[in-house]
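Peer 1: First the structure, then my questions, so here it is.
Please treat every number below as a calculation from the coordinates, not as lab data. In this text the structure is predicted, and so the values were computed from the model without any measurement. We place every Cβ from the backbone using ideal geometry, glycine too, and count neighbours over all the protein chains shown.
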Amino acid sequence: MEAYSLTAADMRDSILRHLAYELGTDPGHATLHDWRIALSLAVRDRLVDRWFAANRATRAAQPKRVYYLSMEFLIGRLLEDAIVNLRLEEQAGTALADLGLDFDAVIQNEPDAALGNGGLGRLAACFMESLATIGCPAFGYGIRYENGLFRQSFQDGRQIEEPEDWLSQFHAWEFERRDVAQEIRFGGEVTQKDGRAVWTGAEAVIAAAFDTPIIGWKGRWANTLRLWSAQPLHGFDLARFNRGEYAAAAEPEALARTISRVLYPDDTTGQGKELRLKQEYFFTAASLRDILRRFEAEGGALADLPKKAAIQLNDTHPAIAGPELVRLLHDERGMALDEAIATARGCLSYTNHTLMPEALERWSEDLMSQLLPRHMQLIERIDEAHAAEMPGRRVTLRENGEVKMGEIAFTMAHKVNGVSALHTDLMKETVFADLHRLHPDRIVNETNGVTPRRWLLSANPRLSRLITETIGEGWVDDLEQLDRLEASISDPGFLDAYAKAKRENKQDFAEWLAAEQGVRVDPEALFDVQIKRIHEYKRQHLNILETVALWREIKANPGAGWVPRVKIFAGKAAPGYVFAKEIIHLINDVAEVLNADPVTSPYLKVLFLPNYNVSLAERLIPAADLSEQISTAGKEASGTGNMKFALNGAPTIGTLDGANVEIRDRVGARNFFLFGMTAQEVEARRAVPDHARQAIQADPRLGGALKAISQGAFSPSDKHRYRGVVANLTGQDYFLVCSDFTAYWDAQRRAEAAFADPAVWHRGAACNTARAGWFSSDRTIRGYMTDIWGTVPLAAE
Ligand code: F58
């Protein structure tokens, strides 16, 4: 294979060629950015060869393909991924060194593609990489947001949001496909012609395709991530321009472009909601047309579509795919309605990522009828057809003037999956209980996973080297081989090397912190890390309450032999989520006071790192000692960060929630700091009147921490700043922060005691690495392939 015969000298020549002929720059004038682009293009050449080989093999075999429809693909940086998967590290490293460049600096020059909010989007990215590694022919379909998730900074401790401009620089990884474009319409009316419904949409935009190749391990296979960009049907309005109405002339273009401008606009306003629904229909409709075009080009009979296309809906965001596919088959291709519904269902499957009622999408019937009038009619027809299948036992797709997208997705899917064992069980018992009774075989579980190439091999080279030296390289695409490390866990030499890798990762992180954030931390301290979106159910406020309580305790008794600890937070709050923003502010305020306290700061520091993204996670996870997974049981569908930490040797302090349950089962109860109520106990506790007050009365540490906050200890200039937070915690406390506080406090002390004994600690950490091999997204994807998609891998030539 060409990639392997490449020498460092070839690589250097290729970089220089691209620098000259693509960028028009000579080495004497090249900036770091120029070098990064030149290297990307040199690597991309090799990647494209492998991509073509995979595409040729797919065209020849015409297999069933997987189509993963997702509003989010949180892919992060791509250069290192490509280098690692093509096994070009040495050649690229040597070539750059020859050119007088630092490999890491070049890699880090790439902006993160922040096309996702959090776990759901990152899971989609891990899945794309695993699909390519396994050789499963697949397309990812999504939106090419010009500005992905906002860039976060802090001003006086408050979150500030600014647009992320990842596309302001040349993006080396995508290819624009001018020949692939779909016209997408909204609004208008439905008429009848020759007994068929004809929808004439009033407003039209063009969905333009941009393809990014996603390469698997060792370059054996590559798939395509096709992202749609919204463009105007007609350029600007020349007549208006000539009349001097310059801004108005550009209006149609600006309006069209808003559809792919940002990830999840704030939907607290009417316009925001409309834009969001437009985005969902826009990318779903474009993708389905693309899928049908490909299928029809291969000449299959329409009824055989389910044999050729497995279409996975990542959450309800693409749930309009059900009605749209029925429309394409029935209205546009004349298939009988019942057959169209059955055919669509044969292709579609749906992944649920949350049980939180407010996060299960519902659209007003008015909005739906106005934007997608034909789909509204078809939803009624699907509802009737579903009721006819199940006489007397009706589950409606509409309620109180709203369309329920979860129910539509469920009804139109042949399989529905949860993302951890507990979540899947709860799905059956709660949100989809009625539908589950009607379709008892439809719900299946596919516990999430993460790609070991990014989250261990590239993110943690020291640990990866040690693992490979100990058990060989097979673990990289067969992660369960990590269990072969088990034999080494009792070997002091191995544990020393394991501890050394962690220590050096922590040192690197401390140096980065000092250089980038101007903060000094002791690399010997316990690095206690909570990184994820800010949400009440994830309970960052439980963590900060415990921090305040600990600070008070240290202050009262500084000589008690405290284990030095650095509490690290990172994560973004949705722009419209006021409470989450208050939590960020509170953590920053607490940090300011604690870090300046001469008595306690040698033992306790608090950091909130701005602009959490994939690259920060890659830096931080390998350096973490303790992984905070402290959600209210029953609320976190799975978690995937929890898996990354476990693999990288950071034991969990956590509740029995989501995939924590399965992690603990595998790594062993001794190597997991469990606390808190179970999902069932949570429900019972919530029914206790005054549960928060009771918990506060029972634990003076909690009472003291709350009092300090409410008296303005951390906001002296505005003593009542956290009145709302305190009122929430002492009042309704829906997420049971107070009721779990004492158990959390105790678990933290257990973690500390274990950390104070390095032999105990490193053994526990190594058990996490050795036993977390099951949490590879390769295993998850194989599960989807057999249980849901019915697809098999192919091999490129
Ligand atoms: C996450 N959902 C779950 N949603 O919270 C997490 O437990 C799970 O591991 C992960 O999916 C993957 O299954 C999630 O990330 C979002 O980001 C929402 C998307 C829609 C807007 C609100 C956030």
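Peer 1: By how many nm would the segment from Met356 to His29 grow when fully extended, if each residue of separation counts as 0.36 nm and the alpha-carbon distance is taken off?
Peer 2: Difference between extended and current length: 112.3 nm.
Peer 1: Pop a pseudo-label 7 angstrom from the Cα along the beta-carbon direction at both Ala753 and Asp522 and give the gap in nm to one decimal.
Peer 2: 2.2 nm
Peer 1: Modelled label-to-label distance, Thr7 and Asp45, 7 Å Cα→beta-carbon offset: nm?
Peer 2: Distance between label points: 1.5 nm.
Peer 1: Spelling out what I want: for every residue of region 596-610, take phi, set θ = phi - 60°, compute 6.51 cos²θ - 1.76 cosθ + 1.60 (Karplus), and round to whole Hz; glycine and proline get x.
Peer 2: Each residue of region 596-610 in turn: 8, 7, x, 6, 9, 5, x, 9, 8, 10, 10, 10, 10, 7, x Hz.
Peer 1: Something else now. Out of residues 5 or more away from Ile214 or on other chains, whose amide H comes under 5 Å of its own, with H placed 1.01 Å from N in the peptide plane?
Peer 2: Hits under the 5 Å cutoff: Asn223, Thr224, Leu225.
Peer 1: Same structure again: Reachable lysines from Lys273, Cα under 20 Å, same-chain residues fewer than 8 places away excluded?
Peer 2: Excluding near neighbours in sequence, the set is Lys404.
Peer 1: Still on this structure, please answer the following. When the expected Rg is taken as 2.2 N^0.38 Å, what fraction or multiple of it is the alpha-carbon Rg of region 256-370?
Peer 2: 1.15
Peer 1: Quick one: Cα centre-to-centre distance for region 581-610 and region 218-242, in angstrom?
Peer 2: Taking the Cα centre of region 218-242 as reference, the centre of region 581-610 is 45 Å away.
Peer 1: Apply the Karplus curve 6.51 cos²θ - 1.76 cosθ + 1.60, θ = phi - 60°, to the phi angles in region 314-320 and return the couplings in whole Hz, x for Gly and Pro.
Peer 2: Using θ = phi - 60°, the values come out as 7, 6, 7, 4, x, 5, 5 Hz.
Peer 1: In addition: Give the share of C-alpha pairs in each 20 angstrom bin for region 452-769, from 0 to the last occupied bin, in whole percents, shortest bins first.
Peer 2: 33, 58, 9
Peer 1: As an exercise, identify the GluC sites (Glu not before Pro) in region 416-521 lying in DSSP coil whose Cβ has no more than 14 other Cβ atoms within 10 Å.
Peer 2: Working: sites: Glu429, Glu446, Glu469, Glu473, Glu480, Glu486, Glu504, Glu511, Glu516; in loops: Glu446, Glu473.
Those that pass, being in a loop and sparsely packed, are Glu473.
Peer 1: Give me the extension gain from Asp98 to Ala743: residue separation times 0.36 nm, minus the current Cα-Cα distance, reported in nm with one decimal. Before the final figure, lay out each step's value.
Peer 2: Values: separation 645, 0.36 × 645 = 232.20 nm, distance 5.59 nm.
Gain on extension, Asp98 to Ala743, equals 226.6 nm.
Peer 1: So what's the gap between the Cα centers of region 397-433 and region 454-484, to the nearest angstrom?
Peer 2: 37 Å
Peer 1: Something else about it: Beyond a 20 Å Cα-Cα separation, which of these cross-linked pairs lie in this structure: Lys502/Lys567; Lys500/Lys538; Lys538/Lys719; Lys532/Lys581?
Peer 2: Violating the 20 Å limit, Cα to Cα: Lys500/Lys538; Lys538/Lys719.
Peer 1: Work out how much length Ser490 to Ile160 would gain on full extension: take 0.36 nm times their residue separation and subtract the Cα-Cα distance, in nm to one decimal.
Peer 2: Taking 0.36 nm per residue and subtracting the Cα distance, the gain is 113.9 nm.
Peer 1: Now for a different question. Between Ala433 and Gln169, take the C-beta separation as r, use R0 = 60 Å, and let me know the FRET efficiency to the nearest 0.05.
Peer 2: For R0 = 60 Å, the calculated efficiency reads 0.75.
Peer 1: What GluC sites (Glu not before Pro) in region 239-304 are in a loop by DSSP, with at most 13 other Cβ atoms within 10 Å of the Cβ?
Peer 2: Glu245, Glu298
Peer 1: Fewest first, what order do Trp774, Trp228 take by the number of other Cβ atoms within 10 Å?
Peer 2: Ascending Cβ contact count within 10 Å gives the list Trp774, Trp228.
Peer 1: Would you mind getting me the FRET efficiency between Thr468 and Arg243? Use the beta-carbon distance for r and R0 = 60 Å, nearest 0.05. Walk me through the numbers before you get to the answer.
Peer 2: Working: r = 69 Å, r/R0 = 1.15.
The computed FRET efficiency comes out at 0.30.
Peer 1: Plugging the Kirkwood radius over Cα pairs into Stokes-Einstein for region 225-316, at a temperature of 20 °C and a viscosity of 1.002 mPa s, what D comes out in µm²/s? Can you show the working numbers first?
Peer 2: Numbers: Rh = 16.0 Å.
It comes out at roughly 134 µm²/s.
Peer 1: Also, quick follow-up: Cα to Cα, under 13 Å, and not fewer than 8 places away if on the same chain: which aspartates and glutamates meet these conditions relative to Lys308?
Peer 2: Within reach: Glu296, Glu298.
Peer 1: I would also like to ask the following. Listing Met643, Met11 from the residue with the fewest other Cβ atoms within 10 Å to the one with the most, what is the order?
Peer 2: Met11, Met643
Peer 1: Shape verdict for region 305-401, please, from the Cα gyration tensor: rounded (a/c under 1.5), prolate (a/b greater than b/c) or oblate.
Peer 2: rounded
Peer 1: Rg/Rh for the chain: what does it come to with C-alpha atoms and Rh from Kirkwood?
Peer 2: Looking at the chain, the ratio lands at 0.97.
Peer 1: Right, something else. Starting from region 234-298, pick out the trypsin sites (Lys or Arg not before Pro) whose DSSP state is loop and whose Cβ has at most 14 other Cβ atoms within 10 Å.
Peer 2: The qualifying sites are Arg243.
Peer 1: Distance between Cα centroids, region 640-675 to region 63-113: provide it in whole Å.
Peer 2: The distance from the Cα centre of region 640-675 to that of region 63-113 comes to 29 Å.
Peer 1: If you don't mind, there's one more thing I want to ask. At 27 Å minimum axial length over the Cα atoms and a Kyte-Doolittle cut of -0.5, report the qualifying DSSP H helices in the chain, or say none. Let's see the in-between values first.
Peer 2: Values: long enough: 32-61 (43 Å, -0.13); 270-297 (40 Å, -0.60); 492-517 (36 Å, -0.94).
Those that clear 27 Å and a mean of -0.5 are 32-61.
Peer 1: Could you put Phe295, Phe175 in order, starting from the residue whose Cβ has the fewest other Cβ atoms within 10 Å?
Peer 2: Exposure proxy ranking, most exposed first: Phe175, Phe295.
Peer 1: Tell me the label-point distance for the pair Lys500, Leu255, using the 7 Å Cα-to-Cβ offset, in nm and rounded to one decimal.
Peer 2: Each label point lies 7 Å from its Cα, and together they span 6.6 nm.
Peer 1: With all distinct Cα pairs included, what does the Kirkwood hydrodynamic radius of region 1-124 come out to in Å, to one decimal, could you say?
Peer 2: Answer for region 1-124: a Kirkwood hydrodynamic radius of 16.0 Å.
Peer 1: I would also like to ask the following. In vacuum, with every alpha carbon of region 529-681 counted as one equal point scatterer, what does the Debye formula give for log10 I(q)/I(0) at q = 0.10, 0.11, 0.18 Å⁻¹? Two decimals, please.
Peer 2: -0.36, -0.44, -1.15
Peer 1: State the three equivalent ellipsoid semi-axes of region 616-735, derived from the C-alpha gyration tensor as the square roots of 5 times its eigenvalues, in descending order and whole Å.
Peer 2: Semi-axes (√(5λ), whole Å): 30, 20, 12.
Peer 1: Hey, another quick one. Non-local amide H neighbours of Ser260 (under 5 Å, H modeled in plane, Pro and chain starts lacking H): which ones?
Peer 2: Ala230
Peer 1: Continuing with the same structure: Would you compute, from DSSP H runs of 4+ residues alone, the mean residue ellipticity of the chain at 222 nm, taking -39500 (n - 2.57) per run and dividing by the full residue count, rounded to the nearest 500?
Peer 2: -14500 deg cm²/dmol, from helical runs alone.
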